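> Once you've had a glance at the structure underneath, I'll fire off some questions.
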Amino acid sequence: MARRRPRSLPRRPARRGALLARFVGAGVRRAAQGAGLAVDVAGIAWEASESADTRCWGLLPDEIQVCRIELPAGQHEVTLQPLASIKLAGRSTTMRVDIANGRNTYLLAVVPDSNIVGQVLVSQP
C-alpha cells in the first residue's frame, strides 16, 4: 500500500524555516546563536522527514460493503450471500431477524474471501 502524505506536512517545515529566517533577519540575539541555529536547522530537517505511523492501517479491510433494506416490523428470514465480481460466491447464511417498529436493526458479517467467517452478528432491538 502506497503511503500518502497530507498536504500540510511539506508546508510545516517551510513555515518553520520562514519563521527562523524572520527571527534571524530581525536581529534576534541568542546566547549561543550558532548552537541555536544548528538546533533550529536540525528541527526543520526532523519535521521534513517526519511521516505518520500507519502500521495499524494495514489491519483494516480492503473494502466495506453496506446494503440498506427497509422491512416492515416483525420477524423476517434474511439470507446473506457473498459476492465476487458481481457474481454470487461462497456459501449463503440464512437467519431469522426481529425488526422492531421505529428501530434500526443491523447485521454484521465478516467475509475476507468468498465465505462468511464466524457468526453473523445481529443488533438487539
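Read the figures in this text as sums done on the coordinates, not as results from a lab. Keep in mind that what you see is a predicted model, and the values were worked out from it rather than measured. Virtual Cβ from ideal backbone geometry, glycine too; neighbours counted across all protein chains shown.
> Among the residues of segment 75-125, count how many are acidic (D, E) and surrounded by 11 or more Cβ atoms within 10 Å (Cβ to Cβ).
Residues meeting the conditions: 1.
> Hey, another quick one. Can you tell me which of E63, E47, E77, E70 is without any contact (Cβ under 8 Å) to a residue 40 or more places away in the chain and over 30 Å from D98 (Cβ atoms)?
Answer to the selection: E47.
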